[in-house]
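Here is the structure we will look at, set down as structure tokens.
What follows is calculated from the coordinates using simple rules that are stated; it is not laboratory data. All values reported here derive from a predicted model rather than from experimental measurement. Cβ sites come from the backbone with ideal geometry, for glycine too, and all protein chains shown count toward neighbours.
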2 protein chains.
Amino acid sequence: MGTQRSGPVTLRTIADQLGLHVSTVSRVLHAKPDESLRAASASTVERVRRLADELGYQPNPHATSLRTRRSNLVGVLVPRLSDMVLATIYEGIEEAAAEHGLSTFVANTGDRPETQRTRTNMVIGRRVDGMIFGDAYVDGRFLDEVAGRGIPFVLVSRTAGAHPSVTCDDYLGGRLVAEHLLELGHRDVAVVAGEPYASTGIDRTAGLVDRYREAGLSVPADRIAQSRFDVSGGHAATARLLDTPNPPTAIFAVNDFAAIGAIGALRHQGLRAGDDVAVVGFNDTPLAAELPVPLTTVRSPMLDMGREGLRTLLRLLEGEAAESKRLRPELIVRASSVPSP
Amino acid sequence: MGTQRSGPVTLRTIADQLGLHVSTVSRVLHAKPDESLRAASASTVERVRRLADELGYQPNPHATSLRTRRSNLVGVLVPRLSDMVLATIYEGIEEAAAEHGLSTFVANTGDRPETQRTRTNMVIGRRVDGMIFGDAYVDGRFLDEVAGRGIPFVLVSRTAGAHPSVTCDDYLGGRLVAEHLLELGHRDVAVVAGEPYASTGIDRTAGLVDRYREAGLSVPADRIAQSRFDVSGGHAATARLLDTPNPPTAIFAVNDFAAIGAIGALRHQGLRAGDDVAVVGFNDTPLAAELPVPLTTVRSPMLDMGREGLRTLLRLLEGEAAESKRLRPELIVRASSVPSP
DNA sequence: CTGAAAGCGCTTACAG
DNA sequence: CTGAAAGCGCTTACAG
């Protein structure tokens, strides 16, 4: 059995017990199945593998990273994980990362530029191989800087400038909503539009407005209200939109949570979603279908966005060119946009 | 300016440019403000600090970890980050970790024992200093193993055996719900109880059942339905509870999302939450207040749980004893449990 | 087929 | 006050 060493098992533990040199052990453990022949004799390979298994050897990633200058670490920045949309995208990232032997750091930035900066520095300080940003500002200035520092990254959920991104086709999503509302005869629609720095809200709004214009109808500026992306943000924005002598007959909130807030604001005014005012959300989070008034919304492929985002980063890390992708949205019609019979 | 080195700035870069030895530079950069005197002469300290700043020196954490056997890394396991409750707890963990110069790995385990195993191994393989589990099974068997491997950890959200934990006082929360429903005159209550392996659901249920028993009322087994913790889990469990000739007059779902599912299931039967059946949730997530029928629920201090969980781990890492904590819940009464006037 | 050496970037006693 | 050495655990040409 050899000497019983305390502390974690290292290459040296194995080498000593087998009377080999650490470099031999390293070579064996490192070789892909097919090239093990070149690493050592068949019997040595066998003995090393068996003992490594028995002792539960796990390479020290700090030593490996120090030596190879590759950390197999990916940094992920999101506005906030308590936003189910981003959390789900992150789940996709994590799944795909695990499949490829990568680990991920996530940090919440609250969409605050100052925090984006400090978190990015912190993550880069940890020597990640690449980053994924879910909190891009549409102007992309900060990201230009990051690119200038030579660190590879991919955006998910939001686009910015020409940086590679994996997003939902938000513009198309907005158009789908417009078509649905036009069919229902709504000529006067208002938009809970999200934050002005996020491409998601911008593009979803633009899609709706453009499609309305094509139908000969304009959506005036005072029908479009900025908002936070959460429930209370949607509530506040809707309250403002309703504070007018001639309220709209339909509301498009660019996010399911904002839509829930919109429904809350309507209720405050004694108005019911569906019967009195059509409400449409975005994302088709698992809540949408279960609300007391089930929510019409646009399904966006959140998990896939994450998975595909990581794969794109992987390609970048291997020196290939990264192409941006827009994934297809799908309109899901429920009771919140159609009056009960 | 000295030689222009390519690649990242290391201690050597600074040492060479200043004609010092790396060990001197290390000592200076390492010293706390007050002990810098002992590290080097005042002028050397000044020169080193200035240049490090200028060059934007960031120590290579892999080298530091390799040398010091401390990674300043914490591994966090949660059932799923797309559960807003866990995501919020994690935000608390991350905040507190950042304040203490620690970074965190999070992984989703989906509450699957197999995944808990592989993720734990993966995280330990990354040489974290400690772990935080938000996905503890109440039997604690797996955690006993982890403890046996000598890795320090703290539980959040759920308890298990005698392992140190930071949780909401779930039992008390259940009692608060019982008192509220008893006051309203409900003698026949049903529980959407969550997963049988999670202390949260178990304790919340027990609190309610015990308080009812003290009032001379029993909650029979067929009024208690296991459920997943998400919306569709709550829906399914409620559908089962309603499938009886004499349905209950009140439903306690041990989680806001399950409660939303419960409301959905009621609606399917033509029943309205509040007017027809009282519904109470747990956690007071931001949605609760904004639902078309605002949800009565028990507020649990999610952020604090995370922050306090990390602090407890920190104490453990410093060799102190860790005490479990139960944070105080608070009942929030809204329309879902009181008929409209 | 296997060994020996060098080195990734850092820290920490130990000298002087 | 500063330097020199050793070593954390690994990988990778280079010998033989």
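What is the list of residues in the range A:42-60 whose amide nitrogen lies under 14 Å from a point 7 angstrom out from the Cα of residue A:31, following Cα to Cβ?
Label zone hits: A:42-50.
Please report the spacing between the Cα centers of the range B:176-244 and the range B:41-94 in Å, no decimals.
The distance from the Cα centre of the range B:176-244 to that of the range B:41-94 comes to 44 Å.
Any idea what the residue A:54 label distances to the other copies are, label 7 Å down the Cα→Cβ vector, nm, shortest first?
The answer, with the shortest distance listed first, is 5.8 nm.
With the label 7 angstrom out along Cα to Cβ, how close does residue A:117 come to the same site in each of the other copies, in nm, nearest first?
Here the equivalent label points are 4.8 nm apart from this one.
Per-residue mean of other chain beta-carbon atoms within 10 angstrom of the beta-carbon, peptide B:95-101? List each step's numbers first, then the result.
Details: counts 1, 0, 1, 6, 0, 0, 1.
What the average comes to for B:95-101 is 1.
Using a cut-off of 12 Å between beta-carbons, work out the net charge of the residues near residue B:244 (Lys and Arg +1, Asp and Glu -1, residue B:244 not included).
Every neighbour counted, the sum reads -1.
Would you calculate, for chain B, the mean residue ellipticity at 222 nm contributed by helices, counting each DSSP H stretch of 4 or more residues as -39,500 (n - 2.57) and dividing by all residues, to the nearest 500? If you can, show how the numbers build up before the last one.
On the way: 13 runs with 151 residues, N = 341.
Result for chain B, helices only: -13500 deg cm²/dmol.
Quick one: of the DSSP bridges fully inside the protein assembly as shown, what percent are antiparallel, nearest 5? Could the numbers behind the result be given before it?
Values: 7 of 69 bridges.
Bridges in the protein assembly as shown are about 10 percent antiparallel.
Where the convex hull is taken over the Cα atoms of the protein assembly as shown, what is its projected area averaged over directions, in nm²?
36.6 nm²
Along the positive direction of the dipole of chain B (beta-carbon charges: Lys, Arg +1; Asp, Glu -1; about the Cα centre), which of B:207, B:303, B:128 reaches farthest?
My answer, from the dipole projection, is B:128.
In debye, nearest 20: dipole of chain B around its Cα centre with unit charges on the Cβ of K, R (+) and D, E (-)?
So the magnitude is around 1200 debye.
Viscosity 1.567 mPa s, temperature 4 °C: Stokes-Einstein D of chain A from its Kirkwood Cα radius, in µm² per second? Could you put the intermediate results ahead of the total?
Details: Rh = 22.6 Å.
So the translational diffusion coefficient is about 57 µm²/s.
For label points placed 7 Å from Cα toward Cβ, what is the shortest-first list of nm distances from residue B:339 to its copies?
Counterpart label points of residue B:339 in the remaining copies fall at 3.0 nm.
Quick one: which residues, 5 or more positions from residue B:191 or on another chain, have an amide H under 5 Å from its amide H? H modelled 1.01 Å from N in the peptide plane, none for Pro or chain starts.
Placed amide hydrogens put B:224, B:225, B:252 under 5 Å from residue B:191.
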